[in-house]
Each structure stands twice: as C-alpha cells, then as structure tokens.
1. Would you mind computing, in nm to one decimal, how far apart the modelled labels at residue B:300 and residue A:476 are, each placed 7 Å from Cα along Cα→Cβ?
2. Please report the equivalent ellipsoid semi-axes of the range B:171-258, computed as sqrt(5 x eigenvalue) of the Cα gyration tensor, largest first, in whole Å.
3. Between residue B:119 and residue A:97, what FRET efficiency follows from the Cβ-Cβ distance if R0 is 60 Å, with the result rounded to 0.05?
4. Report the calculated FRET efficiency for residue B:182 and residue A:51 (r = Cβ-Cβ distance, R0 = 60 Å), to the nearest 0.05.
5. Counting only heavy atoms of protein chains, what accessible area per residue, in Å², does chain A have with a probe of 1.4 Å?
6. Say R0 is 56 Å: what FRET efficiency, to the nearest 0.05, do residue B:168 and residue A:418 get from their beta-carbon distance?
7. What is the P(r) of the range A:259-497, as percent of Cα-Cα pairs per 5 Å bin from 0?
8. Heavy-atom accessible surface, probe 1.4 Å, ligands and DNA/RNA ignored: which residues of the range B:147-192 lose at least 10 Å² versus the isolated chain?
Amino acid sequence: MTVVLFLSVFLIAACGLIYELIAGTLASYLLGDSVLQFSTIIGSYLFAMGIGSWLSRFIDRALVSRFITIELMVGLLGGFSSTILFLAFAYTTGFRVLLYSLVLAIGILVGLEIPLLMRILKERFGFKELVANVLTFDYLGALGASLLFPLLLVPKLGLVRSAILFGLINAGVALWSTFLFRRHLPSPLIQRAACAAVVLVLAGGMAVADHITDTADSALYADEVILAKTTPYQRIVLTKWKQDYRLYLNSHLQFSSRDEYRYHETLVHPGLASVAGARRALVLGGGDGLAVREMLKYPGLESITLVDLDPEMTRQFSTHPLLLELNAAALKNAKVHIVNADAFPWLERDNGVYDFVVVDFPDPNNYSLGKLYTTAFYRLLRHHVAENGAVVVQSTSPMFARKSFWCINETLKQAGFKTFPYHAYVPSFGEWGYVLGTRRDWQPPTALPTGLRFLTAGNVRSLFDFPPDLAPVPAEPNRLNDQTLVRYYDQEWREIVR
Amino acid sequence: MPTRREFGATALAGLTAKADRKLEGAFVFEAPGQGVEAGHRLRDHARFAAPARRVRIPAVIVGGGVAGLSAAWHFDRRGFRDFVLLELEQQAGGNARSGENAVSAYPWAAHYLPVPDKRQPLVHELCRELGLLHDDGTWDERWLCHSPQERLFIHGRWQEGIEPLVGLTKADAAQYAHFEERIAGFRLSGAFRIPMEAGLAQNTAAHRALDGVTMGEWMRREGLYSPYLKWFIDYSTRDDYGTRAADISAWAGLHYFAARAPEEKGPLTWPEGNGWIVKRLLAKLGRYVRTGAMVHRIQRQRRGWLVFTGDTVYEADFVVYAAPTHFASWLIDPPPPRWPIDSAPWLTANLTLDRWPANHGVEFCWDNVIYNSPSLGYVIATHQNLNTRQDKTVWTYYWALADGRAADQRRILLGGDWNWWKEKILTDLERAHPDIRRCVSRLDIFRIGHAMPRPVPGAIFHPERIARARHQGSLVYANCDLSALSLFEEAQYRGVSAADYVLRNASSTATR
Ligand SMILES: Cc1cc2nc3c(=O)[nH]c(=O)nc-3n(C[C@H](O)[C@H](O)[C@H](O)COP(=O)(O)OP(=O)(O)OC[C@H]3O[C@@H](n4cnc5c(N)ncnc54)[C@H](O)[C@@H]3O)c2cc1C
C-alpha cells in the first residue's frame, strides 16, 4: 500500500517534468535559441508551481476529489500540450503567448498536486516520514523523466505522442486514486466515469497523432476538397463549391472554373491570333491544359509542346473526368506533346523554334521560381522564338504588384524583346497582367477565333491601355545574380496581405 | 502562411521518425604518393630511383595549380610551345581542383573568383577568353553568383548577408560606418591593389607600418570593439587567408577589404568552383601537362637546371617554380634560404545530401555561414543550377584551422580520424540544421596541411618575400604564396609574370 502511494508521487512528478521538457524543447525547435527558451520555460514553470502550491491553501474540503479533478486537468492540458503548440505554431501568430499561458496553467496545476497529496496522506504517516518519502519520490520521478525524455521519448515517440502518453499516466493516477481513497469519495462512480472519459479522449488523440497536421490542413480550404495529391513538387488541391472548381497549388489559387476563361483567353489570343500562319507552339508551365485548350482553337497549329515540372499534374489533367471537362480534354489531343521537365534546363537542351510561346509559371515568390523570370531565361527563350513569332508571359498583377509587373516588362526588354504589356480583370484574381514579347514590330490582332466568352476583335486593343493607377513605374531588370523581382514581389504582396 | 505551416508539419513528421542514417565517406587525396605523404617524403629527403630517361627542353614548369597553369597559358598564347608542366598529383589544379559525383560537380578548395575590376587586365583577358565577359563589356549572367548570395545564421535564425545585422545597437552601426570610412580611404590611396605588387609603390611609411601590427591591434587602435564587427572581420580573414584577425598583418587584413572595386554584382562561381576554370585551361593546355609527376630534385647545372621526376630527368634552360614556395628548400639544389612565411592548415568537406534539411526564413543561399562557429560554413555546389527544383545537393564545407599555432593545428588536422572529423562537422552544422544527419549520405574530407600562406605581421614587407618575388637567373618563382595572399588573381599574375620573364630572357639568349 505504501509503495503504491509513493509510486503515484513518482509518476506525477515524472509527468510534471515531462510537460516542462516538452514545452522547452518545442520552444527551442520552433523559436531557436535553446538556452533562452529553456531557461525562460523552466523559470516560468517553477514560478507557476509556486503559485499552485500557494493556492493549495485555499482548498479546504473534499481534498481527494479535488486532487482527482486536478490530475485529470493536468492530464488533458499536459497531454495535448504539444499538439496545441504545434497547431498554434502552424496556424496562428500567437505561439509565444499560448506557449507561456500553457506553461503557466500546467505549472499551477502541477504545483497543486504535491501539497494536496501530502495533506491527503498526512493521516497515514508521521510528518517526518511523509516529507522525506514524498520528496524522495518526487525527485526520483524527475530523474526518471529527465533520462527517459531524451533517450527514449523524443527519438521513439516524438513530442506529440510522448505528451499524450504522460497525459494518460496522469489520468491513470486519477483513476487509481478513486480506488485507493474510495473511503473519502461520496460517489466514486462519477469520478471514475470522468477518468474514463479523459482516458478515452487521450487514447483517441494518441491514435490520430499522426494525422493531426492532415486534418488541420483541410480545415484551411473553405470548400469541399475533391482531389488532394501531394507530389514531390507540390500539393495539388481541387475544391468544389456549387459549380465553382478551384485549383490550389501549395495553397495558392491557380484558377477558379467560374472565370478562368477570362485569364486563359487573355493569355493566349492577343498573341497567338496575331501570328499569321503559326504552326508550332510551346507552353511552359500550365500543366492544367487550359491554355492549350484555347490554343487548340487554331486549326493551323500543328504541334503544341507542353513543358510542366510535375507529372502528377499533367496526369490528373489528362485523366480525371472533372478536369477533362474543364480543359476540354486538351491534353489528350494528338497535337499535344507533354514533357515533364524543369523548364530552364529543358529549354537549354531543346533546339526547337516556335511561332508562339506561352510562359505561365507560378508567381515569382521565391528565388528558385525567380530564375524563370530573368534576363538569362528570356535571352534563352528569344533563341527559340521564330522571327515573326511572339511570347506571352503571365506577369502577376499590375494592381497589387505594380513594380513587379513593370519589372518583368523591363526584363523582357533587356533581353532584347519588343514588349507590349496588357492586362484584364479576372474576378477571382483581380486585375491581372501579361507581357507580350516579339522580335519585330507588332500590332494587336484584328480577328479572333469564334466562340470566345471574354475577348472580341473589338476589345483586344483596349487591354493594352493602362489607366494611371497601373501605369509604368521604374524598375530594375531581374537578373540571375540580382533578383530584384523576388524582392519587389515580396514587398508588394506583404503590404497587401497585412 | 504556407511556409510556417510547412515548417510545423515537417517538424512534426521529423520528430516521429528520427533515426540516424548510415553515412559513407573517406579522406580524399591521401593515397600513397599523394598529398601529405608525398610532401613528407620530400621534406625527409627520401631516396628516389635514378632516372632512366634524359630529356632536353627549353623550359619546365613545376606545379600545376593556377599559377603553373597560368604560366603555361601565357607561354602558349605567346606561341612558345617547348615546355612541360610537371604536376605531382593525378589531377592538376592544386587548390582549384574539383570533383564530381552523380548529383553535382563540386570544388575541393577554391570556389569563386571575384568579378575583376578594370585595373586587372590579366583576369579580364582570361575572362574574355572563357566567354565570361562579353565584347560589349557585360558579364555573362550564367556564372555570376545567382541570387540569393549569402546568409548568416545568427541568434537562432537566418539573416540575409554575412555582415551581422540582427541585434546591432546604434554603437555597433556607428563602428561599421567608421570601418567603412577607413576602408574607403585605403581604397583611394591606391596602396592596396590586386595583384598586390601593383600597389606596393604607392605604399607610404604609414601603410608599411600596418604590416608591423596585427589586424586585431589596428582595430583596438581605431576603437573598433563592436563584437559583431569583430566577428565579421575575423570571419573574413579566416575565410580568405586562413588566419585570425588577432594574428594577421593589418596590411593583409585591410587589403582584403580595400583592394577591390567590383563593377558587377558577383562573384563568378561554378558548381565545381575554380575547377571550372582549370578544366577549360586544361582543355587547351593539357598536352603540356604531365600528372603524377612529382619533382623531387631541381639541380643547378653550369647552364640551366636538371629537373628530376619519376624515371625522367629534364635538362632545362629555365624553370618556372610554381609549387608551394616553402617546398623549394627541400627540392632545389643548392637550396634557397628557408621560406619565412608559415602556412595555414585547412579542412574542406563535400557532403552529398539526399534531401534538404528543413529550412525556415531566408532561402538557401550560395554561401551559408553560422555566426560564432569555428568553421566558415558551407557553399552549395548546386546553387548555380538552373533548375527550380533540386532534390539532392552537394555542400562544400570549409574550415580554416586558424587557432593558435599552425603546427599544432596541423597535428589536430592529421590526428583526427574520419569519424572524429565527421562528428565535428555534423555537430557544427547541427547548430543551424538540427536534422542534417538525416539528409547527408556521403561526407568526404580533404585535409590540406599547408593550404595557403599565413600573412602574419612582417610577411608582406619581408625582404625574403620581396627578393623571391623578383625574377632573376634562370629559375623563377611563381606560386601565389609569393604574394603572401592566397588568391586566384595573385596566382595568375605570378604565373604569367614568371612566364613572361622566361620568354624575354629565352629570346635574348637565342638572339645572342
Ligand atoms: C580551402 C581553400 C579555399 C580557397 N578558396 C579560394 C577562392 O574561393 N578563391 C580564390 O581566389 N582563391 C581561393 N583559395 C586560394 C588558392 O590557393 C589560390 O586561388 C590558387 O588556386 C593557388 O594556386 P597556386 O598555383 O599558386 O598554388 P597551388 O594550388 O597550391 O598549386 C601548387 C601545385 O603544385 C603541385 N606540387 C607541389 N609539389 C610538387 C612537386 N614536388 N612536384 C610537382 N608538383 C608539385 C601541387 O600538387 C599543386 O598542384 C583557396 C585556397 C584554399 C586552400
């Protein structure tokens, strides 16, 4: 009996230390500077325990049932501490606030445990013996936990499961106490039921520990997710809301089926309709096949080469029934040749010359993508464009990222293109920009394919007109050794998102 | 906040499946007859087999590093073809050697060339020949270091650039400004040039006095005590000259900052580092080069020299001695005075990564430095690739063993086994990349006992250095350590000017 009693002390001491270590470790993983994190966490935790001990004086009655409640609270809060912190880190900006609140809350509860337990036990043991034994087992528990944590728990279980495991131990101690001290409990059954509930919740948490990030992931998209694929290159998510399909790559919206025709008609037709007798075309990026769908409206085109990095992307868009409907099965057309490759090195190896080239890469939000918007890339591209051919580059928003847009224009110019910037309104994106580049003088087309929903021979010219709020601003060209564009882009979107 | 989310997810996934992977690797260039072993045989005057073959030849170049190859380059472009270049190692290039595996080519030591300014005609000429500099005066973007160039891990996170910016106080900033101002003055003086020889005439007594004190002492005198600035300057002198600011001659330390006025954002760099230049030089000059040909004796004759290597002895009118200068007294008979400049031990390692460590904040840069680390950080060999996606990569890790005495550090360098060094390297990288061990599949280490001259006070204006750098007679020195500054440009300049001297004297001998 005595041993069992002091074993509880051992266990709750271990639990208490584990939560502290978990908070410290997570803080140093996520915030860096482990010395600072550990010392502030340990300090706050010990301080909170002091508050807990002090508070214990206000508990006068029903010591055992209070003790059990506190155990269960520690179990839940401590058990889910790493889960809560990870999610807070990923989804909120208040990680630090939450971290310290949690540390304080757990610390206070843990600080209450030992004084209460000592008072419960005081009838059974003499004071001298009680203090000696409780503190001995308290410190032993701490030693056990501190060895277990780095050697076994972190490497084998990870932080999420370790915390839950110790939450379960707290709940176990609570349950155990309902038997040990049943004489002090008016209705032990209620307490046992509460213990069982906490154990179940924690055990459930243990079972899904691995999926925690995944479930949280889908909470990010407001609509029903009908396709989600993680490829080595990106995360592809297709959502549906009523008749609106939306494609996200790494959580950046690529298109909405309600207005993508505006984007893609504007991307393709002003350029392609102006190149008389175009036969060979190239699409860089654009694995969704929507630009290709527009290009197939020109019967004179004999071949379209589509270069997209991600095989899964082009596979989904040539097989998934819903997606085939969106791109009118464009990628299955015999004229279309799909190449899955990284565009820059591919273009270096390729020796084709094309009458029309669509450059539809994701926005330049990092230096790797930024390479695809450099003078070096456009110079290389120029060698692949026929004398009277044209290229069109999706060039982000001249409204939200005005300097970035004009930077792309300037970069194409530096690479030797004559440029003709234009823009259109795409509701789900806002005002969107494109730059057309040619080797010779150029005039907008006077005729367009039939059946377009947005562009007409009459309104094409107006796309090239820039109102004062979108008008050119000076910008340095984007070069491999000085990627101005990525910096402009970062600045401009940061101002908007904030 | 996709990056934050991704990071949270990787941290979570990472913690559940942590297991150290098996790591392969070895020391490189340590086969018998190479590297350290060969050097020690020379030092100990080991016995070598008598030559079976005698070849008469107008000129021999000893050593196929950048200096030796530049001498060959100059001979060749002046139409002089009667020479051989003898190189000890199986591969020419010296400190600009490189390697290659399935993932990438990578440097073994020298990895970049600063964009030369207008006052460096030789480097300009070479760059034009290699297609790096266009006729219209623009530089080829392909091999200028791509963005983002440099970052520093400081206070638990990465910042852009290597000069510490995080946590600077007003006083720190004022000291940076003061330092910049002094440097601008030194730059204007014209005393600090590349090649260094070009500026020596501009040196006043005050400039010369800078070679009498250490950089650390100079900083104290200037009242520069900001810990960040001190770290930055110390990092720079370790990085370029393998010597701590507390030990290096102030003249040399200042030269690093004051000698360049680049006209383009650089530097020039390639996956294999300066090995790229070496490959191109070898493509043109390979026919003159004999590798695996250690010269073990250079003996003065009544006219000319006997140069002994393997089973051949070359009877040469002229010798361009481009091997490390401190070997000269072991090789040359009669021996020249002992070379007074000690050399710094270095360690480099190439790490092959099957996947990238988790990254937070500033993207991976070409050069990645860890604040207050004993090492110099790592350079990403795949940085100059044009791919937007790069699954695997090779990192070249640099460590100048600059603490205390060079000889002690050499003992540590050669005393630690591969496992010991591997642990040192991974533990150092773990400061910034806690998951590095799960990413690295191979780690090869190059130990360079005598990597480069240590320009301690007195080295620059040492009479022996000045005498050795002045060409006379029929054996001329050409290694870059004649400058006491280990730089590509110095190596090239020394090589070319030695070759030029030979050409002038060879023709005057011929016409006489
Ligand atoms: C780790 C490291 C990093 C560096 N990074 C850079 C950098 O990024 N940029 C830069 O400009 N400089 C750098 N340097 C400086 C570099 O040393 C010079 O740029 C240049 O490569 C030196 O060339 P060298 O020909 O003078 O000397 P070495 O490269 O030392 O060439 C000497 C050659 O002589 C050979 N040799 C020696 N003994 C004999 C013998 N007995 N017989 C025949 N051959 C012999 C050697 O094998 C070697 O090939 C670096 C140096 C080191 C050590």
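The values are calculated or read from the model by the stated rules, or taken from the named source; none is laboratory data. On a predicted model such as this, the values are computed, not experimentally measured, just so you know. Using ideal geometry, Cβ is built from the backbone for each residue, glycine included, and neighbour counts are taken over all protein chains shown. SASA here: full protein model, heavy atoms, side chains in, ligands and nucleic acids out. Shrake-Rupley method; radii C 1.70, N 1.55, O 1.52, S 1.80 Å.
1. 5.7 nm
2. 20, 14, 12
3. 0.60
4. The calculated FRET efficiency here is 0.60.
5. Averaged over the residues of chain A, the accessible area is 43 Å².
6. Numbers: r = 46 Å, r/R0 = 0.83.
Once rounded, the FRET efficiency stands at 0.75.
7. Pair shares across the bins are 1, 7, 15, 19, 21, 18, 12, 5, 1, 0.
8. Residues passing the criterion (a loss of at least 10 Å², heavy atoms only) are B:147, B:148, B:155, B:156, B:160.
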